[in-house]
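Enquirer: Have a look at this one before I ask anything.
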Amino acid sequence: MLDIKEYTEKLKKGEVMLYPTDTIWGVGCDATNEEACQKISQIKNRPNEKSFIILVDSFPMLERYVPDFHEVCYELCDNADKPLTVIYPTSRNIAPSAIAEDGSIGIRITKDPLCVKLIRALKKPLLSTSANISGKTHPLSFDEISNQIKNGVDFIVEDRLKDKMDTPSQIIKIDLNGSVKIIRN
């Protein structure tokens, strides 16, 4: 099994990983690396107009990638009782293919110890998407992940291989004036 330093070196080279997140098994990479983000779209057979989720480790990191960060977001994220992805209307310094056609971006502050270690070692956010072919249901365990996904990634983070994963995050969308819309509860 590799360690965080080895995983980080692979991510810096633009490699794509299969890894456990704070919600479900994900396919991920350095969220600022355009080639790696495009590779994930190819692995998943994902339409280009669909955006991804970006994982960060803290509010200060989130603020580096969201130029119009509304104050209400602090309270929403702090008081969430389960992982919460917030769709912000604008972003910066993220790979173009990780951003939705309307310029918005979904970002989650992860509390998962493995994800936090990876993000801090990389010093950049992680792109994250469910470990399934686009349009198929997300797997609840490593064994349910298709061989197409397992064979398509460059490496597998072999932590928690036997764990059952939870459900995807809640998703809300916030606009520039601070109004909130629930996308997925």
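The values are calculated or read from the model by the stated rules, or taken from the named source; none is laboratory data. Just so it is clear, the structure is predicted and the values come from calculations on it, not from any experiment. Glycine also receives a Cβ, built like all others from the backbone with ideal geometry; neighbour counts cover every protein chain displayed.
Enquirer: Going through segment 17-50 one residue at a time, which ones are part of a helix (DSSP H, G or I), touching a helix residue (DSSP H, G or I) at 6+ places or on another chain (Cβ under 6 Å) and of a type in the set (A, V, I, L, M, F, W, C)?
Expert: CYS37, ILE43
Enquirer: Of everything in segment 48-61 that's surrounded by fewer than 22 Cβ atoms within 10 Å (Cβ to Cβ) and at pLDDT 85 or above, which residue is farthest from SER130 (Cα to Cα)?
Expert: My answer is PRO60.
Enquirer: Now, a different point. Please indicate, with yes or no, whether at least one residue in segment 139-151 is of a type in the set (A, V, I, L, M) and either under 18 Å from LYS50 (Cβ atoms) or under 15 Å from the mean Cα position of the chain (by Cα) (or both).
Expert: Within segment 139-151 (the criterion being of a type in the set (A, V, I, L, M) and either under 18 Å from LYS50 (Cβ atoms) or under 15 Å from the mean Cα position of the chain (by Cα) (or both)), the answer is yes, since at least one residue qualifies.
Enquirer: Picking from ALA31, ALA98, ALA36, which residue would you name as being closer than 23 Å to THR167 by Cβ and either modelled with pLDDT of 95 or more or surrounded by fewer than 23 Cβ atoms within 10 Å (Cβ to Cβ) (or both)?
Expert: ALA31
Enquirer: Another question, if that's okay. Conditions first: (1) closer than 16 Å to ASP175 by Cα; (2) surrounded by fewer than 19 Cβ atoms within 10 Å (Cβ to Cβ); (3) in contact with a helix residue (DSSP H, G or I) (Cβ under 8 Å, 6 or more places away or on another chain). VAL86 passes all but one, so which condition is the exception?
Expert: Checking VAL86 against (1) closer than 16 Å to ASP175 by Cα; (2) surrounded by fewer than 19 Cβ atoms within 10 Å (Cβ to Cβ); (3) in contact with a helix residue (DSSP H, G or I) (Cβ under 8 Å, 6 or more places away or on another chain), the one that fails is (2).
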